[in-house]
Amino acid sequence: MAADYSLAVELRGVVKRYGEILAVDGIDLNIKPGEIFGLLGPNGSGKSTTMKMLLGLVTPDSGSVNVLGINVEENPVKVKQLLGYVPESARLYEFLTGIEYLDFVGDVYGMSTEDKKSRIDEYLKALQLEGRERDIISSYSEGMKQKIALISAFLHRPKLLILDEPLSGLDPRSARIVKDFLHELKAQGVTTIMSTHVLEIAEALCDRIGIMYHGKLLALGTMTELRQMAKLPSSGLEDIFLKLTGTGDVRAIVEELLK
Amino acid sequence: MNWKNVGRLIRVDTKSGRLLRGRRLTRFRESRLYTYVLYGGALFIGIAVGALVGASYHTIAAMDTKLTQTELNFFFVLPTLVLIYSLVFTIFQQIQRSGAKFSTQAAYWLPITWEEHTLASMVANLFGLLLASIVFIGSAVITFSLFTGQVALAISAVLAMCVAALTASAITEIIRVLQTRFTGAVYKSTGRAAIWVRFATTLLFFLVFYVLYFYVVSGSGGTTIVQGVSFGQQVLWYVPFVWLGLTLYSFTKGLLLQGLAFLVLSFLFIYALYYIAVLLNGRFGLYEPPAITVSSGVYAPRKGVLSKLGFSPPEAALMRKDLKAFTRRRELMVIFIIPIIICIAPIIESHGVTGHSAVFTFALVFLFPASFMASMAGSFMIGEEGQAVWRVYSSPISAGSLVKAKYFFVVFFPILIMAITGAIGFIVFHPSLRAVFVGLFESLLLIFTLGAVSLSDGIRGADFNEVPRPRMVDQVWSLLNLIICLVVGLAILSPFFPYVLGVGRSIAGLYQAALLSAVVAMIFAAIFYRLALGNAKELLTKAEM
């Protein structure tokens, strides 16, 4: 296991192109162990591609990606063993039951039988899925599917969590549990990288925030640092985001819609 | 009834139908030219076939006056035949669409009435290959009639064919809604056994319709049906399906009142079907089958037999997951149906054969169902992951483990099927023990080799799109896979060609042929397994979701 690392994530000059489209344009990024990092940006700004590169699912055209001290390109399986991932709108195996799915995930990560059982039981209880865990997933609501996807990311005690819109579809109680749980994991040294379009969540949860736009890391820092960058000392993340990404002029659009 | 709404819905449903036939959703572009090429091509081929048959018929008819009645019968049975054909075809289309409810669900929350929705669905069912085949038959029949001087009858028959197709579509609409409601009720009543009830009933449903489909499209089955319908139409006048044919018959024979009665009855019948379909759609159209609860009691994970066989936990987990996929997902059950049909067909065709033919048919039954299953299952194995493939991509599963787990699965089911079809072949054809051993040996070689070939192709051509239906393998790769499997299969069996042709006779030669066949199989299996590993590595590092 890679126990000896000073940075949980280290991106150096990472570039990724899809044909003519420059999805990620020379990103440098360091994320410390135990940090909750928010990766924000408009649709198509390169967030998902960056996250996939951390997982070894997309190979960068140039630059290097190190996760938990391991070069992702050289050893993707070892990296995946240490990660927990929830993609945006996670599609699950709908022909399995909830418990079968979690059992499958536990086996894939090589968890012991006892550990798997106790942890699955705990999570099902905490996220109020008890009683439905033996129904096939195709009959679950979107929120229930999201809970299963989250449990499958937490199950094997990962060192790094990569969560794309993790609270999407969750009821308030479950969302609160997940938020508190992420804080507890932070205390245990688990790093979280999350992407969300709900800026209030990012503001409340994240230690640092990176704003991506057109494949570049436009701004990076704590909320205080971002306020200074945007020269909006008392504003929330929404105003900062809109100003930095140049998409703030929404008033005219709203007035047009009201006509 | 808002006819504009009906028109809009038909366009949506038709587009969905065209997507089902093979275009990638992300690359789909409307091309009127492309759409009409299908019908234009069918029209052109129909005219050519009609002219060819007409010219030949004209020559034969000049020598045989009895043919006039046969050609009249042919026109009379056309509507009934088209009705049967359309029914089977539209049912298959609905089965394909069953996994694609998301693509058409939007219609349910728009201000559209069930009358509009049902009518549009009935009409849209006809577009595509079904309409093209009706255009083909229609143009062939009208061209043919120019040679026999029965143009008016031919045009009437073509119009009746169109109405027959619409009748079939209405019946399919009714079956579709009832099937959803019925299966829901079954799941609810059978509790935990629902998953197996669904497996068995789906297999049976597929089997019946596939057998019917092959029977209709095969030459001998088609002829039997034409004869049967021709004789039976007069006797079974009270069955609504033959009323259109009887309308034609009555008008041609000058029985105007009878013809008019059957015509009115035909239209009343189709309206009644439409009305029932609307009622059922209104009642059960939005019905969601209840959830299937698979097990009860306390959850207790077990270490399965796969771990004891030396598979790593991720490999064993993948295999267990795939086993559940193939017994629970309707679109995957086809791999069980095709081998059964491949097994049944030669047994029926060769009833009572003995000697060399019996050994040859036994070899067909022993070798082909399982090998065909291996070549199908392999090509599906990666693509069946669908949009949930991110789970494989993001899990600590190496390319080696992925290929190993999938390959084991690809050969596992075919070996089971081989045992069953081999036993059936043995009981039916009583081959010698030597023939059984050679058959067993070659069947295993084919399964292991074609499994590796198709897995390699299936990884390369994996198609994870699930809307409008899970395709699992790209069409080009599916075709390529069939060709490669055919070539490799023939290469493996080639040492036995002298025996098939009746030239080889010696026992020593037989064992040499088996040995040579094994060497060929092992070389191909090793090459394609390595190719599969390479393809899997590429798949896992160029993961696109």
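Some observations on this one:
- The single residue among B:Phe496, B:Phe441 that is in a helix (DSSP H, G or I), surrounded by fewer than 21 Cβ atoms within 10 Å (Cβ to Cβ), at pLDDT 90 or above and among the aromatic types (Phe, Trp, Tyr) turns out to be B:Phe441.
- Among the conditions (1) away from chain B (no Cβ under 11 Å); (2) touching a helix residue (DSSP H, G or I) at 6+ places or on another chain (Cβ under 8 Å); (3) under 22 Å from B:Ala399 (Cβ atoms); (4) part of a loop (DSSP other than H, G, I, E, B), the only one that A:Gly34 does not satisfy is (3).
- Residues in segment A:73-85 that are surrounded by fewer than 24 Cβ atoms within 10 Å (Cβ to Cβ), under 17 Å from the mean Cα position of the chain (by Cα) and more than 8 Å from chain B (Cβ to nearest Cβ): A:Leu82 only.
- A:His156 fulfils the conditions (1) under 20 Å from the mean Cα position of the chain (by Cα); (2) within 11 Å of chain B (Cβ to nearest Cβ); (3) part of a helix (DSSP H, G or I) except for a single criterion, (3).
- Of the residues making up segment A:103-119, just one is among the hydrophobic types (A, V, I, L, M, F, W, C), in a helix (DSSP H, G or I) and more than 7 Å from every other protein chain (Cβ to nearest Cβ), namely A:Val105.
- Condition met for A:Leu232 (surrounded by fewer than 20 Cβ atoms within 10 Å (Cβ to Cβ), hydrophobic (A, V, I, L, M, F, W, C) and without any contact (Cβ under 8 Å) to a residue 60 or more places away in the chain): yes
- Conditions (1) at pLDDT 90 or above; (2) within 14 Å of chain B (Cβ to nearest Cβ); (3) in a loop (DSSP other than H, G, I, E, B): number failed by A:Glu100: (3)
- Qualifying residue in segment B:389-408 (condition: part of a helix (DSSP H, G or I), touching a strand residue (DSSP E or B) at 6+ places or on another chain (Cβ under 6 Å) and crowded, with 24+ Cβ neighbours inside 10 Å): yes
- Residue match in segment A:50-65 (condition: over 28 Å from B:Gly400 (Cβ atoms) and assigned to a loop (DSSP other than H, G, I, E, B)): no
- Within segment B:530-540, one or more residues are more than 30 Å from A:Glu88 (Cβ to Cβ), touching a Ser or Thr at 6+ places or on another chain (Cβ under 8 Å) and either within 14 Å of chain A (Cβ to nearest Cβ) or not in a loop (DSSP other than H, G, I, E, B) (or both).
- Number of positions in segment B:417-432 that are more than 25 Å from B:Ala377 (Cα to Cα) and in a helix (DSSP H, G or I): 4
- The set of residues in segment B:467-485 that are farther than 25 Å from B:Ser401 by Cα, in contact with a helix residue (DSSP H, G or I) (Cβ under 7 Å, 6 or more places away or on another chain) and not hydrophobic (A, V, I, L, M, F, W, C) comprises B:Pro468, B:Arg469.
- Selection status of B:Ser56, at pLDDT 80 or above and either within 30 Å of B:Phe464 (Cβ to Cβ) or under 28 Å from the mean Cα position of the chain (by Cα) (or both): no
- Flag if B:Ile112 is in contact with a Ser or Thr (Cβ under 6 Å, 6 or more places away or on another chain) and modelled with pLDDT of 75 or more: no
- Filter result for B:Thr180 (among the β-branched types (Val, Ile, Thr), surrounded by fewer than 22 Cβ atoms within 10 Å (Cβ to Cβ) and in contact (Cβ under 8 Å) with a residue 40 or more places away in the chain): yes
- Against the list (1) more than 14 Å from every other protein chain (Cβ to nearest Cβ); (2) touching a residue at least 24 places away in the same chain (Cβ under 8 Å); (3) out of contact with any helix residue (DSSP H, G or I) (no Cβ under 8 Å at 6 or more places or on another chain), the condition A:Asn43 fails is (2).
- The residue of segment B:356-392 that is nearest to the other protein chains (Cβ to nearest Cβ), among those that are in contact (Cβ under 8 Å) with a residue 60 or more places away in the chain and of a type in the set (Ser, Thr, Tyr), is B:Ser379.
- If only residues of segment A:132-152 that are within 18 Å of A:Lys179 (Cα to Cα) and of a type outside the set (A, V, I, L, M, F, W, C) are counted, the one that is nearest to the other protein chains (Cβ to nearest Cβ) is A:Ser152.
- So A:Leu129, is it under 22 Å from the mean Cα position of the chain (by Cα) and crowded, with 21+ Cβ neighbours inside 10 Å: no
- B:Tyr36 being modelled with pLDDT of 70 or more and surrounded by 17 or more Cβ atoms within 10 Å (Cβ to Cβ): no
- Listed conditions (1) more than 14 Å from chain A (Cβ to nearest Cβ); (2) at pLDDT 80 or above are all met by B:Ser395, apart from (1).
- Search result, residues across segment A:86-97 that are at the interface with chain B (Cβ under 7 Å from one of its Cβ atoms) and more than 20 Å from A:Thr192 (Cα to Cα): A:Arg91, A:Leu92, A:Tyr93, A:Phe95, A:Leu96, A:Thr97
- Checked against (1) among the aromatic types (Phe, Trp, Tyr); (2) within 14 Å of chain B (Cβ to nearest Cβ); (3) surrounded by 15 or more Cβ atoms within 10 Å (Cβ to Cβ), A:Tyr18 meets all criteria but (3).
The values are calculated or read from the model by the stated rules, or taken from the named source; none is laboratory data. Please read these numbers as outputs of a predicted model, since none were measured by experiment. Cβ: placed from backbone, ideal geometry, glycine included. Neighbour counts: every protein chain shown.
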